[in-house]
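Here's the structure we're looking at; comments come further down.
None of the figures in this text is laboratory data; all of them are computed from the coordinates on show. Treat the numbers as computed from the prediction; the structure is a model and nothing was measured. Because the Cβ atoms are built from the backbone with ideal geometry, glycine has one as well, and the counts that use them run over all protein chains shown.
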């Protein structure tokens, strides 16, 4: 009798399926980490913009004795210059001329000469699942008090609630 030795080359279907499952598990863990870091990055855009507005408001107040209600004037730019700031798109051209951080619309509510609230509201995205549901709107006032709200309008951060405060306002 003649025996022919056969050497297996390649992988079986089961081995390939196991490799695909392992890669899928690792990718899903990586995606959730990436998504969390991306949300933290967009939150920082709002925090950065509001912190700058607060500093510019204090500077304006020290020079003029009152706060100013227009973000564009505080930044010292005209509206056409500011529309090109960061990431404007055809779908969201900032028709009011108010500057945006790319992810948030910025607005100042001037209550009186010595009181204001600056707000950064998340720009609505085509896919609501891509929006930051927990920290949708950030605000800071003349006294430096910070607050954020979720998309439903419920306050999600308050200095008294340390866990949520760190979630939205941590840098």
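Please arrange 45, 58 by counting, for each residue, the other beta carbons lying within 10 Å of its beta carbon, fewest first. Each step should come with its number before you reach the end.
Details: 45 18, 58 13.
Result, fewest neighbours first: 58, 45.
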In what order do 50, 16 fall by count of nearby beta-carbon atoms within 10 Å, going from fewest to most? 16, 50
Linear extension gain, residue 62 paired with residue 151, 0.36 nm per residue minus alpha-carbon span: 28.5 nm
Taking the mean number of other Cβ atoms within 10 Å as a proxy for protection, how do you rank 32-42, 136-146 from highest to lowest? 136-146, 32-42
